[in-house]
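The values are calculated or read from the model by the stated rules, or taken from the named source; none is laboratory data. Nothing here was measured: the structure is a model prediction, and the numbers come from that model. Quick reminder, even Gly has a Cβ in these numbers, built from the backbone with ideal geometry, and neighbours come from all protein chains shown.
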Amino acid sequence: MRCIPLHELAHTTSGGTPARGNKSYYGGEIPWLKSGELRDDEILSAEETITPLGLASSSTKLLPEGTLLIAMYGATVGRLGILTFPAATNQAVCAITPSEELDRDYLFYWLLGIRKRLVETSFGGAQPNISQTVIRDLEVPWVPVPEQRQIAARLKAQLAEVDTARQAAQAQVRDAGLLRGRLLKDAFEHLPCEPTTLGRVLIEIQSGKSFLTAEVLARPDELGVLKVSAISWSQFRADQAKALKGEYSPAENHRVKKGDLLISRANTRELVGAVVHVEGDHPMRLLSDKTLRLMVDESSADKDYLLFALRTELAREHIELYATGTSDSMRNISQDVIASIPILLPPLEEQHRIVTRLKSQLTEATAIAQAAAAQLAEIDRLPQRILAQAFAGSA
């Protein structure tokens with residue numbers, strides 16, 4: 001393949017600026033497409049246009065069907081699309097009209113293949129941008145048009161197969177996530193006991209302290225105060241802790257210890273009331289005022305059983321109902337709400353059996369989820385490999 005500058009093979013232009021109140025141009029209203037609405041490697045259609053018909057100024061160019069678009073500015077820089085209907089667009093979009101020497105779909109797939117490299121050359125920090133000059137000067141690998149069309153048709157078919165495989169893998173990932181919920185529901189659904197409250201098996205609820213912290217994460221060998229992200233639906237995250245400011249000698253009951261059953265009293269609606277069982281000692285980690293330790297009467301309740309019981313629909317409905325706060329980004333629950341969480345509490349021996357069975361089942365479910373996620377990640381890497389192979393030697 002020999003390389004030819006894009007400006008020798010195509011015409012490039014940028015969009016215009018919309019103006020309200022001018023209804024004399026193009027009959028007043030035309031489809032108006034913003035750069036944020038480019039759909040990566042998806043072909044655009046009128047039904048996919050998010051923005052309603054918008055008013056255009058007399059300086060706005062109406063782009064014809066078949067125009068290839070690339071975002072030049074902001075978070076969507078490098079995104080692509082092909083118009084299948086006439087539309088106008090803004091100045092953050094570069095419109096490309098290939099000549100007879102360049103097949104549009106061939107150019108589309110080539111740009112898709114070099115997008116990462118193109119974005120990496122952008123400038124502007126938080127608002128990266130690619131100039132139209134950079135796009136015009138791109139060296140396009142050129143072969144005769146019939147060969148370009150063959151390459152584009154082959155890539156279209158291959159990428160369609162990848163998309164089909166991706167959808168199947170995404171369904172497997174979703175199913176693997178749902179499996180954990182079904183296992184938890186099955187374990188508690190038919191227990192022959194009436195609900196009681198968590199407070200019945202608690203000796204005490206120990207709270208942390210509001211410490212003065214830095215805005216950086218604490219090192220493993222440095223005292224750190226737990227962030228709410230240390231407690232979610234997975235394992236305890238000891239790395240999620242802010243470094244203390246100044247010298248401080250913490251009380252022992254503020255340190256995180258092996259066997260602690262910790263609950264978050266503040267977080268999003270989905271995560272407030274999340275519980276973790278700490279598997280190791282973490283003397284350099286301190287409870288904050290948003291993380292509480294549940295002191296359990298272990299003659300009545302197994303901590304691991306409570307870990308699962310507090311994740312059931314019965315418990316979660318109570319927590320989310322009584323969580324306070326005006327924003328979903330930060331809800332709070334009081335110690336009284338925690339103590340009144342409804343749980344099913346069979347005899348201790350039955351709790352142990354449930355824990356043993358659930359741990360085994362959830363381990364298998366986790367393995368299935370990890371395998372599905374790994375498969376999806378591998379599929380997500382395929383398009384770039386296919387594109388790179390198609391245009392090998394053109395970099």
*asked:* Need pairs with beta-carbon distance below 9 Å; first residue assigned by TED's automatic domain parsing to the domain that holds residue 262 and over 20 Å from residue 305 (Cβ atoms) and within segment 202-216, second among the acidic types (Asp, Glu) and part of a loop (DSSP other than H, G, I, E, B); sequence gap 6+ or separate chains.
replied: 207/289; 208/289; 209/289; 210/289; 211/289
*What is the one condition in (1) among the basic types (Lys, Arg); (2) in a loop (DSSP other than H, G, I, E, B); (3) outside the structural domain of residue 301 (by TED's automatic domain parsing) that residue 237 does not satisfy?*
(3)
*Please specify each residue of segment 122-144 satisfying the condition of being surrounded by 13 or more Cβ atoms within 10 Å (Cβ to Cβ), over 18 Å from residue 387 (Cα atoms) and in contact with a helix residue (DSSP H, G or I) (Cβ under 9 Å, 6 or more places away or on another chain).*
122, 128, 129, 130, 134, 135, 136
*Can you confirm whether segment 300-321 contains a residue that is of a type in the set (Asp, Glu), part of a loop (DSSP other than H, G, I, E, B), modelled with pLDDT of 95 or more and more than 26 Å from the chain's Cα centre (by Cα)?*
yes
*Quick check: is even one residue across segment 211-221 touching a His at 6+ places or on another chain (Cβ under 7 Å) and assigned to a strand (DSSP E or B)?*
no
*Of the residues that make up segment 200-209, is at least one more than 23 Å from residue 380 (Cβ to Cβ) and touching a Lys or Arg at 6+ places or on another chain (Cβ under 6 Å)?*
yes
*Does residue 255 qualify as being in contact with a Leu (Cβ under 8 Å, 6 or more places away or on another chain) and of a type in the set (D, E, K, R)?*
yes
_Filtered residues of segment 140-174 (kept if in a helix (DSSP H, G or I), free of Cβ contacts under 8 Å to residues at least 40 places away in the same chain and more than 16 Å from residue 112 (Cα to Cα))_ = 146, 147, 150, 161, 164, 167, 168, 171, 174
*Go through segment 81-139 and give me each residue that's in contact with a Pro (Cβ under 8 Å, 6 or more places away or on another chain), modelled with pLDDT of 85 or more and assigned to a loop (DSSP other than H, G, I, E, B).*
83, 137, 138
_Quick check on segment 287-312: of everything there that is in contact with a Phe, Trp or Tyr (Cβ under 9 Å, 6 or more places away or on another chain) and hydrophobic (A, V, I, L, M, F, W, C), which residue is surrounded by the most Cβ atoms within 10 Å (Cβ to Cβ)?_
309
_Residues of segment 326-341 classified as more than 32 Å from the chain's Cα centre (by Cα) and within 18 Å of residue 307 (Cβ to Cβ), total_ = 1
_Matching residues in segment 219-269 - criterion: being at pLDDT 90 or above, of a type in the set (D, E, K, R) and in contact with a Lys or Arg (Cβ under 9 Å, 6 or more places away or on another chain)_ = 227, 237, 242, 255, 257, 260, 265
